[in-house]
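Some notes on the structure that comes next.
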């Protein structure tokens, strides 16, 4: 029996006058006397909020696990330069994450080769020293409790005895 179907007037509490317009198949939208729109849209989000209002970290935007915000803060606090660009911490976080993943993959392989389930400093040492590029990058780094990489000079190894036609027999 309304003049306008879907339009509802409310004055509860008395200090708050509101007009509700309920479009078909949607939840009510509150039009306050101040002109502000509130309420919920069909998708369940607030009417005044955008569809992407959920806060998202810079790490998740870049698809990284390493903290872009923390690296940015440390770059600014470290006085490496007067200003730090927005892309610099993202790039640095990506490089650090790649290096960590590479080292951990090789160390995991070394642990598996030694039939262990836990990566220890020895496995890190073996992984880094047996990889040519990582060995060059981290050549001057000392890994505590890492031990040494086993190496026997080929000249010290016993040579195989060659049996030929003219070889003398030791049998009597």
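Taking N as the number of residues in the stretch 58-142, what value does Rg over Cα atoms divided by 2.2 N^0.38 Å take? Mind dumping the intermediate values first?
Numbers: Rg = 15.9 Å, N = 85, 2.2 N^0.38 = 11.9 Å.
For the stretch 58-142, the normalised Cα radius of gyration comes out at 1.34.
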Query raised in the report: Taking 0.36 nm per intervening residue step and subtracting the Cα-Cα distance, what contour gain separates residue 137 from residue 95 on full extension?
Result: 13.8 nm
Query raised in the report: Residue separation times 0.36 nm, minus the C-alpha to C-alpha distance between residue 102 and residue 114: what's the value?
Result: 2.4 nm
**Report entry** Calculated FRET efficiency for the pair residue 155/residue 130, C-beta based, R₀ 30 Å, to 0.05
**Finding:** 0.90
Query raised in the report: Using mean Cβ contacts within 10 Å as the protection proxy, how do 148-158, 113-123 order, highest first?
Result: 113-123, 148-158
Requested in this report: Could you please state, rounded to a whole Å, how far the C-alpha centre of the stretch 58-81 is from the C-alpha centre of the stretch 90-164?
Outcome: 29 Å
Query raised in the report: Can you give the convex hull volume of the alpha carbon atoms of the stretch 102-144 per residue, in Å³?
Result: 55 Å³
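Every read-out reported here was derived from the displayed coordinates using simple, explicitly stated rules and does not represent laboratory data. Being a predicted model, the structure only gives us computed values, none of them experimental. Quick reminder, even Gly has a Cβ in these numbers, built from the backbone with ideal geometry, and neighbours come from all protein chains shown.
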